[in-house]
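K.L.:
Can you read through this structure? Questions will come right after.
The values are calculated or read from the model by the stated rules, or taken from the named source; none is laboratory data. Model, not experiment: these values are computed from the prediction. Every residue, glycine as well, gets a Cβ built from its backbone with ideal geometry; the counts of neighbours run over all protein chains shown. The area values use the complete protein model at the heavy-atom level, side chains included, leaving out ligands, DNA and RNA. Shrake-Rupley method; radii C 1.70, N 1.55, O 1.52, S 1.80 Å.
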Amino acid sequence: MAVMAAKRKESKNERSAEMDAAVELVRMAKQQGLALTGPGGLLKRFTKTVLETALNEEMNEHLGRAKHEKTRDGRAVNARNGTVSKTVTTDAVGPVRIEVPRDRDASFEPVIVRKRQRRLNDVDEVVLSLYAKGLTTGEISAHFREIYGASVSKETVSRITDRVIEEMNEWSSRPLDAVYAAVFIDAIVVKVRDGQVANRAFYAAIGVGLDGNRDVLGLWGSPASEGAKYWLSVLTDLKNRGVGDVFFLICDGLKGLPDAVEAVWPLAIVQTCVIHLMRNTFKYASKKDWDALKRDVKPIYTAATPAAAESARDDMLEHWASKYPAIKGLWLNAWERLIPFLDYDVEIRRVICSTNAIESLNARFRRSIRARGHFPNEQAALKCLYLTVRSLDPTGKGQVRWVTRWKPALNAFAITFADRWPDGDNQ
């Protein structure tokens, strides 16, 4: 206890010393008429001092002695060799000109500001964050010029974002869990210029593990519009990366997709999104009938059993099929893939009845690509989508809320799929 108390006292004294030093710096700056911020402000000078002090300490460690300190025999294989001026860009105070120490045999490799580094790492992160939020390279360049007074060209922004391509490739081939409680899949249309601008489908999948954690499993670009044939290659890629079983796969009802799923995961239950079916229903109906139609559809997906749902469906079709004949074919064709969730506990129903989990991701994707109009190639589009994924939920609070919402369903999953639940994950 005495040791802990001493450590707390020491930490408190350190914080007090830091505060006293900061207060003294501000006081001296005000006395000298020096602004705290701005091109010649205290913050910029302080940043320069901190960087140069850190670089000199690194040089001391590299040489094994401080500046002007001699070795015991007065001789040294290596020694200091002046400094070289260099300008680095920071996100807080813009460009800062610093003096970087050199050694005689050029073996010094600084860490805090590396050789040929012109931006501190936090600037790169700001660029990537702004790019993921939908700003173009020109807008990011203008942002740095207006806010930080720093010159970051469009070409530089592009080079910064290109650095994530290797990271993206590693992410796209990483091993995945063996079993997922649910996988949500969907595709988004992106305009790509490949000879001429055309619509291309980019596929995404979100998996919910047996611990309730949500993860974007991957992104894939196809040479054409969305189709079951390409989905088969996407699902095969997931299987090759370790996904051996999926309890539920939730999709938008694309024709031929259930066959592709069965070929990869024979035991997976394909669930059509209820909301997608409702949207398609409203497309065939006049807007003035939407509220009445919505009331007649609700008893179908809230029914206690599949038989009750079928009875409610027949009542709805009896009411509306004569006025909107296409609705009948729509519901009858989708029926077999709509009702699987009705066989399960209400907690399971709640989390698998729609593709809302991936719709929110698609909304972020659309926001990121809207400002760009189209992309020069597939890799540029994938880079933008990946940076959007990379920027999701930086605090982790969204993941916590998601897991909390999924816990009741996971308990039901553990009972319902006990024979397929890995032994090490049994609850």
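K.L.:
Would you pick out the residues in the range 406-427 that are within 21 Å of L249 (Cβ to Cβ), modelled with pLDDT under 90 and open to solvent by 60 Å² or more (accessible area, probe 1.4 Å)?
P.N.:
D425
K.L.:
Filter the range 271-292 down to residues that are under 23 Å from D343 (Cα atoms) and either within 27 Å of the chain's Cα centre (by Cα) or in contact (Cβ under 8 Å) with a residue 40 or more places away in the chain (or both) and give me whichever is most open to solvent (accessible area, probe 1.4 Å). Walk me through it before giving the result.
P.N.:
First pass over the range 271-292, keeping only residues under 23 Å from D343 (Cα atoms): 271-278.
Now narrow it down to the ones that are either within 27 Å of the chain's Cα centre (by Cα) or in contact (Cβ under 8 Å) with a residue 40 or more places away in the chain (or both): 271-277.
Numbers: Q271: 0, T272: 12, C273: 1, V274: 11, I275: 53, H276: 30, L277: 8 Å².
So the residue we want is I275.
K.L.:
Let me ask something else. Residues A363, A334, A309: which one is under 15 Å from the mean Cα position of the chain (by Cα), under 26 Å from A181 (Cα atoms) and not in a loop (DSSP other than H, G, I, E, B)?
P.N.:
On the way: A334 fails: under 15 Å from the mean Cα position of the chain (by Cα); A309 fails: under 15 Å from the mean Cα position of the chain (by Cα).
It is A363.
K.L.:
Within the range 293-328, count every residue that is free of Cβ contacts under 8 Å to residues at least 24 places away in the same chain, farther than 26 Å from V351 by Cβ and open to solvent by less than 30 Å² (accessible area, probe 1.4 Å).
P.N.:
Adding up the residues that qualify gives 2.
K.L.:
Under 7 Å between Cβ atoms, which residue pairs at least 6 apart in sequence (or on different chains) link something in the range 252-264 that is in a loop (DSSP other than H, G, I, E, B) with a partner that is buried (at least 19 other Cβ atoms within 10 Å of the Cβ) and charged (D, E, K, R)?
P.N.:
Close Cβ pairs satisfying both conditions: D252/D186; L254/E226.
K.L.:
Only one of A201, A224, A268 is closer than 20 Å to F365 by Cα and more than 24 Å from the chain's Cα centre (by Cα). Can you tell me which? Steps first, please.
P.N.:
Details: A201 fails: more than 24 Å from the chain's Cα centre (by Cα); A268 fails: closer than 20 Å to F365 by Cα.
Going through A201, A224, A268 in turn, just one is closer than 20 Å to F365 by Cα and more than 24 Å from the chain's Cα centre (by Cα): A224.
K.L.:
Being in a loop (DSSP other than H, G, I, E, B) and without any contact (Cβ under 8 Å) to a residue 12 or more places away in the chain is the filter here; which residues of the range 366-398 pass it?
P.N.:
Initial filter on the range 366-398 (in a loop (DSSP other than H, G, I, E, B)): 371-374, 376-377, 391-396.
Within the range 366-398, D393, P394, T395, G396 qualify.
K.L.:
For the range 241-261, how many residues meet the condition of being under 22 Å from T416 (Cβ atoms) and open to solvent by less than 30 Å² (accessible area, probe 1.4 Å)?
P.N.:
Narrowing the range 241-261 to residues under 22 Å from T416 (Cβ atoms): 243-251, 258, 261.
Filter once more, keeping what is open to solvent by less than 30 Å² (accessible area, probe 1.4 Å): 243, 245-251, 258, 261.
Selection size over the range 241-261: 10.
K.L.:
Out of all the residues in the range 238-251, is one or more closer than 20 Å to L338 by Cβ and touching a Ser or Thr at 6+ places or on another chain (Cβ under 6 Å)? Spell out how you get there, then give the answer.
P.N.:
Residues of the range 238-251 that are closer than 20 Å to L338 by Cβ, as a first pass: 246-251.
Next cut, touching a Ser or Thr at 6+ places or on another chain (Cβ under 6 Å) only: 250.
Yes, the range 238-251 has at least one match.
K.L.:
Could you check, for the range 377-399, whether at least one of its residues is under 19 Å from V270 (Cα atoms) and surrounded by 12 or more Cβ atoms within 10 Å (Cβ to Cβ)? Before you say what the answer is, go through the steps one by one.
P.N.:
Pass one, the range 377-399, residues under 19 Å from V270 (Cα atoms): none.
Checking the range 377-399: not a single residue is under 19 Å from V270 (Cα atoms) and surrounded by 12 or more Cβ atoms within 10 Å (Cβ to Cβ).
K.L.:
Can you tell me which residue in the range 99-118 is farthest from V88 (Cα to Cα), limited to those that are of a type in the set (A, V, I, L, M, F, W, C) and out of contact with any strand residue (DSSP E or B) (no Cβ under 8 Å at 6 or more places or on another chain)? Spell out the reasoning first.
P.N.:
Of all residues in the range 99-118, those of a type in the set (A, V, I, L, M, F, W, C) come to 100, 106, 108, 111-113.
After this cut, where a residue has to be out of contact with any strand residue (DSSP E or B) (no Cβ under 8 Å at 6 or more places or on another chain) as well, the list is 106, 111-112.
Values: A106: 20, V111: 14, I112: 11 Å.
Looking at residues that are of a type in the set (A, V, I, L, M, F, W, C) and out of contact with any strand residue (DSSP E or B) (no Cβ under 8 Å at 6 or more places or on another chain), I get A106.
K.L.:
Would you point out the residue of the range 145-202, among those that are among the acidic types (D, E) and more than 30 Å from D419 (Cα to Cα), that is modelled with the lowest pLDDT? Steps first, please.
P.N.:
Within the range 145-202, the first condition is being among the acidic types (D, E), and the residues that meet it are 146, 155, 162, 166-167, 170, 177, 186, 194.
After this cut, where a residue has to be more than 30 Å from D419 (Cα to Cα) as well, the list is 146, 155, 162, 166-167, 170, 194.
Details: E146: 64, E155: 72, D162: 71, E166: 82, E167: 84, E170: 90, D194: 77.
Going through the qualifying residues, I end up with E146.
K.L.:
Run down K67, K86 and say which single residue is exposed (fewer than 12 other Cβ atoms within 10 Å of the Cβ) and at pLDDT 70 or above. Steps first, please.
P.N.:
Values: K86 fails: exposed (fewer than 12 other Cβ atoms within 10 Å of the Cβ).
Just one listed residue meets the conditions, K67.
K.L.:
From (1) modelled with pLDDT under 65; (2) over 39 Å from the mean Cα position of the chain (by Cα); (3) open to solvent by 50 Å² or more (accessible area, probe 1.4 Å), pick out the condition that doesn't hold for L34.
P.N.:
(3)
K.L.:
Could you list, in sequence order, the residues of the range 238-251 that are out of contact with any helix residue (DSSP H, G or I) (no Cβ under 7 Å at 6 or more places or on another chain) and touching a residue at least 40 places away in the same chain (Cβ under 8 Å)?
P.N.:
Our first condition is that a residue be out of contact with any helix residue (DSSP H, G or I) (no Cβ under 7 Å at 6 or more places or on another chain); within the range 238-251, this holds for 238, 240-244, 246.
Result: L238, R241, G242, V243, G244, V246.
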